[in-house]
Amino acid sequence: MLSIALVGIFSIGTALSQETTTTTTTTTTGGKGAGAAPASGMSLEVGARYMPTFSSFKLQKPDGSSLKADFVLGHGFGGVLGVNFSSVLGLQGEFIYTALAQKYTYQGNERQVCLNYVNIPVLLSLNTGKYRAINLNVVAGPQFGINVGAKTKSFGSGGSDVNDSLHTVVSAKAGDVGFAYGAGLQFGLGSEHRTKLDIGFRGVTGLIDVSDKSSSQTTDDYYILDRTKVQTYAGYVGLTYLIK
């Protein structure tokens, strides 16, 4: 009987030892001390972004014929607010001020047409792993633009402003709607990868004609914007932070 009791006690002790070892191993693997991030669950993401931008929109001469224009590097600045429903699916909104421009030559002088917008894209985000050290994401969705300024600049051969014989009117609608798309990489900084360096590409295809020819004109005025939709192509770099 004594031998049977000893065998039973030894068996129970061995089982408890194995259970303790398993529990300790699991805790060590999944704990925050190892820098692990949650595999699922909702989180918020906030950040700031700089977006060098090239744009394309059509211009016209006083007689209504097409005017050849070239790209001018514009600049965008703004913020990002996102909701991640899981590690792979999210929704993000942005608030970006963007200065767009096209340059052309007319009557021997170089000129620029400038359009300024506050753009608000609302984008579905697909990720390879939002909480990983490196995350590849693609985004797509509508973008709503608010026109906050439109003007033309004229520069003479010496670099000073010159007056046109006709008054160029840059008239754009108050709003714009486009389809935004893009892809990027996020690099996690720190042990838990909550702070992220963002780099990527963003394109926007305009869906409506932004030219506005409804205002009254004098005989010396002409509209420089042809019937046109705005296309933009931008890179971006920024920082975001995950709030779990």
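The values are calculated or read from the model by the stated rules, or taken from the named source; none is laboratory data. This structure is a prediction, so every number in the text was calculated from the model and none was measured. Ideal geometry is used to build each Cβ from the backbone, glycine not excepted, and the neighbour counts take in all protein chains shown.
Selection within the stretch 51-103: residues that are assigned to a strand (DSSP E or B) and acidic (Asp, Glu). The member of this set that is modelled with the lowest pLDDT is 70. Residues that are modelled with pLDDT under 95, among the polar types (S, T, N, Q), farther than 30 Å from residue 191 by Cα and not in a strand (DSSP E or B) do occur in the stretch 106-119, at least one of them.
Are any residues in the stretch 75-96 more than 17 Å from residue 194 (Cβ to Cβ), without any contact (Cβ under 8 Å) to a residue 60 or more places away in the chain and surrounded by 19 or more Cβ atoms within 10 Å (Cβ to Cβ), and if so, which ones?
Hits for the stretch 75-96 are 78, 94, 96.
Residues in the stretch 176-205 that are outside any loop (DSSP other than H, G, I, E, B) and buried (at least 19 other Cβ atoms within 10 Å of the Cβ): 176, 178, 180, 182, 184, 186, 188, 196, 198, 200, 202, 204.
Only one entry of 235, 182 meets the criterion of being within 20 Å of residue 122 (Cβ to Cβ) and at pLDDT 90 or above, and that entry is 182. Within the stretch 202-222, residues that are basic (Lys, Arg) sit with their Cβ atoms under 8 Å from residues that are modelled with pLDDT under 95 and surrounded by 14 or more Cβ atoms within 10 Å (Cβ to Cβ), at 6+ positions apart or across chains, in these pairs: 213/171; 213/223. Applying a threshold of 8 Å to beta carbon distances and a minimum spacing of six or more residues, or different chains, the list of pairs starting in the stretch 125-136 at a residue that is assigned by TED's automatic domain parsing to the domain that holds residue 192 and modelled with pLDDT under 95 and ending at one that is of a type in the set (Val, Ile, Thr) and part of a loop (DSSP other than H, G, I, E, B) reads 129/88; 130/88.
Restricted to the stretch 99-143, and to residues that are closer than 18 Å to residue 228 by Cβ and under 14 Å from the mean Cα position of the chain (by Cα), which residue is surrounded by the fewest Cβ atoms within 10 Å (Cβ to Cβ)?
In this case the residue turns out to be 119.
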